[in-house]
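Structure record follows, encoded as structure tokens.
Please treat every number below as a calculation from the coordinates, not as lab data. Since we're looking at a predicted model, the values are computed, not measured. Cβ placement follows ideal geometry from the backbone for every residue including glycine, while neighbour counts extend to all protein chains displayed.
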């Protein structure tokens, strides 16, 4: 769980930060020490743990530092550029910058980049790159021009991938952005055009990048407040060609698009980014940490004095200019779990309680029936699942491809084939996302539900039942079996869609009123004549029982939601009936009880509907009651515990018949009324009227 | 614009006959429709679905089958056992030939169009060769003994050719036979299941069969099934139960990728051949769309390349365009329902305020009532005298009336059947009417397609079906043949519309396709021919004084042609230049009657089934931006605005469906309506469907 700790200010000394803020904060060769370059003339070395400066160097009056000082990790020296072309190298012992090594270069420097384990690189404003050693050997060497006129470098970052230095820099020209990836050892420079997607006028405000084995993941914060991700291959397929890169939406509207102040973005680790800027509503600036995998806000901290819109992150420290002073906020990220990712809510609880253990931990292999002995393999599978999920999400974010349907179909088929081949492979999230595209159907991927049934994944099954129009009755019935048999405790852990369920536990006040009204409803229908007076009486003896039965839902809410999905699904009676016979009797009675409960709830109001967003209709309930009884009557009738239910159902049918007979009567009288009405409207066969045409 | 007293007449008790068969001709884009009274109508689908020709019915000639063969030749067969061919030029029956097999139930033309197959009551299938001017019996197919009935096979109710012409399928009662055309012997006999929803019905009638080129036979039967058979093995492949009642008709598209069936419940189902899964080559027949445009049995269906056509007992002819086949989404893509004939069944004597109604086998003469009251727009005035039914004139013989007319003075009535022409003299003595038939009609006046009296009732104009126009002088109780305009040599086209100028000098006659001819009655010679136009004439009339001929065409264009000047009038040219309002052109019923106001020469009165319009030629024409029809009277607008927004088309949609509208005198109109509800009330009750319960 990511968290920001208490902030502290590095120096009481007011830095001479210009309107653009600091020039840079860079690491030095000692873990706790950082080089801070202000936008004027000074470089200060801070020790963060002591919160005090260790040294300070300034250039002469009239000179100005143009490139933040960096540490050459190989030699422990510091390097800075002033007046664009003058390079200075010094170490801790030096006092005066005027006296230290100086080299005047033939071209203007954009940045010096230095990371642990390799020599620093010098990036010139024209896009050329030199190693520091090679440059110092001949400072006046000719520097070639790489980027075109009017193209300006906006941002750059230096990585070491498998001991190969890789430099990426972003340029901008007339609102178009280009990415250059320089493999320093092989001297391969690849140029990419960054496509901005739909919103052409958005300006990219800030960049950050992280790297894995094959890709540089370039994240950008646009002026619309959204974070986009672009994957740039490190080893290009065809370096000669100018290639285009598509960005995909990662996070929506994390900061206000039209913020006056600067916004900044930096990647903290694979799953977290820190964003500096004003959130949508508040005007005060905030530092917020987002989990990009779950798209949740992890934590945020208000910065009331305003920032310069710059953010650096080294080790466990976030650096920013808060007001006039340099502020450090330590940042920590524990292993993330679903509970944590779901938001801050659960986190406020004591982490010691074992509530958390109910939630799936994405980092540790769990469940899946796989022992720890092959945890290596399971981690590999988990990794690939996660990778697929990211890829699918990226693809879905694009969506506008013309062959969207076929690609989705092929993807699902491919995934399912792998699921069948590798039993432990089950990219659940990915499948859920694909189902929710509304383009899948049962016939396209019959294996999907088969696998979900095998895994007893009720959430996925519910989703399938809701989305697929063509589920065969046998599969519907298999789903029903699982929904009825799955234990309440395992249901508790699932996250089923509760849209169709209304909180039945809230007792409605109308209960008793309706009881009385049924007598009035039976206009023209005399229950006394009916042969089953006895059972009526028997029922009337225990009115309390009945009300109790009618008001409490026989199944838990989650199971009710699952059963409602079954009720909503399409079926054909002849095909469903044989499968219904396979369901155990106690489950049948449970389902019948639930249906009867729904019926009673239905009849509570005049429109005969259930509350809720997408509740089952009365017809669906009645059809299913009939179906279940048709299929299992002989079994149910033998069960003593079902007797009361059957009597209730019998009464229900009787009341239905009477309702329908009333409706048919009403229909006839209504038709007569309509006829009368028509006759009134009919002016007869002959009339003389006045017509005026205008 | 004017205030009128309108005699709103609803006592025209006209009920169209139910539709029995339709046959679509792809070559000419025409549809032949036969009704239960034996009438055959030809609709030109290219000319805005205009009913351009009709053949009057005959009591003993119930048409059971209709088909096009040899391109444009139309054949019918019926329960009198005869096969008939229609002469589409002269509009009479070319010949009738007894097939000697008892009543004929089905007929099908071979794919090449050179052979005709009929299925008879006695179970025989007879093959006829179509010769250029007749048909010739070729042979009988082998009859099979029915095991169930211990007699020769049941009647052949449906027939279909294999597209290669080598085999035929014949549907009978309880079985379908497949015959080899070459040998004439049965290859297979497929027994149709009598079971209907588990209950064994007495018989299963195969109402329709369709033979596809891949050897599949599709059958529809009285048990509500659509079944697919393999003709090679004689086995049932697939069965769809689609209705609780009979499925009575089937029609397959030429491409064999879709077909349509009609049921006795009034539903039309569309089946399409669609791939089993996306991008698979395996296809299956799927019931795609149900349409409920009929209240009664759908006796017949047809499948044009772009539309499903259906007709049945409820007398509507319905065109349901297939949206995926319609390229331009214009008004042609709209559903069309044709209920009323596109010709006038009513004539009117202005002088005596009489209306003559034409029915299939009788005429009715009514006298309109009167009122002394006045009122404002929309008022119904109290009647001082109600309308009287004066006369009920029954025809002799089984033939339907083709046309009828009452003279403007009210003292002559003329009507004609296929074989006889009748002229009656009426005498009015106070309230008594005496009727005297004028006997001894000359031989050439045997059959008339259109009859018209001159304005002064002294001349009778008769368009005979040989293409000749006869002028008869009427005086006192006798008549004298004056002249006959013979058709131009070589043409035999019948004239179906006549118009005479009020001064009696000019006679205009129009055929089904050729232009309008104008004759000089005084000099007894052809005066001129109006330039030919692509669309058939639906109504025409000659204006008083100016002798301008106003012609309405089926594409809703209206022309005004000056007979004395032999050219279109300036107004007509202006209209053509500016074009009609798009809503005017989108009306889907043709103009069936045109008349003029005696005192307002600038006015043209015309109507179709859903509106009545006065065109004021002195006002500017509406453009597409102006409101064509404004049902609300101008309220408090100033005269200036009213004058600015006023345009030439004054439309009233109060009376509908409007079968006839004419001006009786300057301030009185007569409107004959036939409400659809009144027609439905006279039809047999439809199959009752329960609304509530099961």
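Taking every alpha-carbon pair under 8 Å whose residues sit at least 6 apart, segment B:347-429 reaches a relative contact order of 28 percent. The convex hull defined by the C-alpha atoms of the protein assembly as shown has an orientation-averaged projected area of 75.6 nm². Does a label point 7 Å from the Cα of residue B:195, set along Cα-to-beta-carbon, have any residues of segment B:230-265 with amide nitrogen under 16 Å, and which are they? Taking a point 7 Å out along Cα→Cβ of residue B:195, the residues of segment B:230-265 whose backbone N falls under 16 Å are B:236-242.
Please give the contour-minus-distance gain from residue B:466 to residue B:187: 0.36 nm per residue of separation, less the Cα-Cα distance, rounded to one decimal in nm.
Details: separation 279, 0.36 × 279 = 100.44 nm, distance 4.79 nm.
Extra length available between residue B:466 and residue B:187 comes to 95.6 nm.
Remark: relative contact order (chain B) = 8 percent; criterion is Cα-Cα distance under 8 angstrom and separation of 6 or more residues.
Estimated from helices alone, the mean residue ellipticity of the protein assembly as shown at 222 nm is -5500 deg cm²/dmol (sum of -39500 (n - 2.57) over DSSP H runs with n ≥ 4, per residue).
Could you work out the relative contact order of segment B:29-123? I mean the mean sequence separation of Cα pairs under 8 Å and 6+ apart, divided by the number of residues, in percent.
Relative contact order, segment B:29-123: 19 percent.
Label point 7 Å out from residue B:392 along Cα-to-Cβ: which residues of segment B:4-41 have amide N under 16 Å? Under cut-off, by backbone N: B:11-15.
Roughly how crowded by other chains is peptide B:360-373, in terms of the mean Cβ count from those chains within 10 Å of each of its Cβ atoms?
Shielding by partners across B:360-373 averages 1.
Spin-label pair residue A:161-residue A:384: with each label point 7 Å from Cα along the Cα-Cβ axis, the two points sit 2.2 nm from one another. Peptides A:610-616, B:393-399 ordered by packing proxy, namely the average of other Cβ atoms within 10 Å per residue, highest first: A:610-616, B:393-399.
In terms of Cα atoms, the Rg and Dmax of segment A:395-494 work out to 13.8, 44 Å.
Which FRET efficiency value, to the nearest 0.05, is calculated for residue B:600 and residue B:687 with the Förster distance at 51 angstrom and r the Cβ-Cβ distance? Efficiency computed from Cβ-Cβ geometry: 0.45. Straightening the chain between residue A:450 and residue A:284 buys 54.5 nm, computed as 0.36 nm per residue apart minus the Cα-Cα spacing.
In this label model, residue A:485 and residue A:106 are separated by 8.1 nm, measuring between points 7 Å along each Cα→Cβ vector.
Here the calculated FRET efficiency for residue A:662 and residue A:418, from their Cβ-Cβ distance with R0 = 45 Å, stands at 0.15, rounded to the nearest 0.05. In segment B:150-271, the convex hull through the Cα atoms has an average projected area of 7.4 nm², a quarter of its surface area.
Distance between the modelled labels on residue A:404 and residue A:316, one decimal in nanometres: 4.5 nm (7 Å Cα→Cβ projection). For segment B:312-413, the spherically averaged projection of the C-alpha convex hull amounts to 11.4 nm². Let's test the formula: R0 of 51 Å, r as the Cβ-Cβ distance of residue B:480 and residue A:673. What FRET efficiency results, to the nearest 0.05? Once the sixth-power term is evaluated, E becomes 0.25. Its Cα gyration tensor gives segment B:89-145 an equivalent ellipsoid; the semi-axes, largest first and in whole Å, are 22, 14, 9.
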